[in-house]
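Chemist: One structure follows; several queries about it will come next.
The values are calculated or read from the model by the stated rules, or taken from the named source; none is laboratory data. It should be emphasised that the depicted structure is a prediction, and the values quoted were computed from it without experimental measurement. Every residue, glycine among them, receives a Cβ derived from its backbone with ideal geometry; neighbour counts consider all protein chains shown. Surface accessibility is based on the protein's heavy atoms, side chains included, excluding ligands, DNA and RNA. Shrake-Rupley method; radii C 1.70, N 1.55, O 1.52, S 1.80 Å.
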Amino acid sequence: MTQVTSESYQRELERQRQRKDQLRLDCESSLKGIDRIFFEAGCGHGHWLTSFAEANPEQVCVGVDLISLRIRKACEKRDKRTMSNLHFFKADLNEFLEVLPENIRFDQTMMLFPDPWPKARHHRRRMVQESFLNAIAGRTDPGGHFFFRTDDRPYFEWTKELIDQNPHWEVDASREWPYETETYFQSLMEAFQSVIAVRR
């Protein structure tokens, strides 16, 4: 039983290595010559980022999501508009941050309506974690922003608490939301909360 478990673990490690190697190559190819991006973590079907990128053609925008169907639909939106400043990647968020070329900096980071994982035993699956805030801080110059929006009040409080505890970020009540357009998920919500943090 132990040998089978060990073999399965080794196979999974190899699949992970191959996946990250391919993602690294895709990033290097698609983002060649680019050193600053507007980043959306969990871009869904790409509604918000496509609209933002269309309104800001001078800004290179990158979105990632783990679901293949979402990325396919996001790419269809981009290709229909023949937009060269917009890129989507199917990727685990942490793996993407790990393999993204080191020279690429984040002007701003956006996260819209991520899965709240409401049960306490699932909180470790939430996208907003101390490690995530540290990772994007490492790619963001002082004055850059992280924008977060959710319809789940406990997740909002969780995110705000993590920001308050983080040495790299602080809540910026004076900063306005960078761009408003209703997304699919937002259209389903009766109410939502937003928090904006600035890189110290």
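Chemist: For the chain, what is the relative contact order in percent, using Cα pairs closer than 8 Å and at least 6 residues apart in sequence?
Modeler: Computed over the chain, the figure is 20 percent.
Chemist: Under a plain spin-label model, where a point goes 7 Å from the Cα along Cα-to-Cβ, how far apart in nm are residue 134 and residue 170?
Modeler: 2.1
Chemist: Under a 10 Å cutoff between Cα atoms, tell me which one of 161, 54, 14 has the largest fluctuation in the Gaussian network model of the chain.
Modeler: Largest GNM mean-square fluctuation: 14.
Chemist: Antiparallel as a % of all DSSP beta bridges within the chain, to the nearest 5?
Modeler: Once the DSSP bridges in the chain are tallied, antiparallel ones form about 30 percent.
Chemist: Is there a quick way to get the dipole size of the chain? I mean about its Cα centre, with the Cβ of Lys and Arg at +1 and of Asp and Glu at -1; what is the value in debye to the nearest 20?
Modeler: Magnitude of the dipole: close to 500 debye.
Chemist: In whole percent, and with a 1.4 Å probe on the protein chains, what portion of the accessible area of the stretch 61-161 is carbon and sulfur?
Modeler: Summing carbon and sulfur atoms, their accessible area is 48 percent of the total for the stretch 61-161.
Chemist: Subtracting the Cα-Cα distance from 0.36 nm times the residue separation, let me have the gained length for residue 94 to residue 34 in nm, one decimal.
Modeler: On the way: separation 60, 0.36 × 60 = 21.60 nm, distance 2.04 nm.
Contour length minus Cα-Cα distance gives 19.6 nm.
Chemist: At 1.4 Å probe radius, can you tell me the per residue accessible area of the chain in Å²?
Modeler: Working: 11090 Å² over 200 residues.
On a per-residue basis, the chain sits at 55 Å².
Chemist: Please give the contour-minus-distance gain from residue 8 to residue 190: 0.36 nm per residue of separation, less the Cα-Cα distance, rounded to one decimal in nm.
Modeler: Values: separation 182, 0.36 × 182 = 65.52 nm, distance 4.47 nm.
Contour length minus Cα-Cα distance gives 61.1 nm.
Chemist: Quick check: residue separation of residue 15 and residue 104 times 0.36 nm, minus the Cα distance between them. What number comes out in nm?
Modeler: 29.5 nm
Chemist: So for the chain, taking the charge dipole from beta-carbon charges (+1 Lys/Arg, -1 Asp/Glu), which of 86, 174, 122 sits furthest toward the positive end?
Modeler: Value computed over the given set: 122.
Chemist: Nearest 0.05, what FRET efficiency do residue 153 and residue 51 give at R0 = 30 Å with Cβ-Cβ as r?
Modeler: Values: r = 26 Å, r/R0 = 0.88.
Plugging the Cβ-Cβ distance into 1/(1 + (r/R0)^6) gives 0.70.
Chemist: Nearest 0.05, what FRET efficiency do residue 26 and residue 124 give at R0 = 35 Å with Cβ-Cβ as r?
Modeler: Between residue 26 and residue 124 the formula returns 0.80.
Chemist: Return the ratio Rg/(2.2 N^0.38 Å) for the chain, where Rg is computed over Cα atoms only.
Modeler: Numbers: Rg = 17.4 Å, N = 200, 2.2 N^0.38 = 16.5 Å.
Its radius of gyration relative to the 2.2 N^0.38 Å reference: 1.05.
Chemist: Accessible surface of residue 117 in the full protein assembly, 1.4 angstrom probe, to the nearest 10 Å²?
Modeler: 70
Chemist: When the distances between all Cα atoms of the stretch 85-200 are binned every 10 Å from zero, what whole-number percent does each bin get?
Modeler: It works out to 12, 44, 38, 6, 0, in whole percents.
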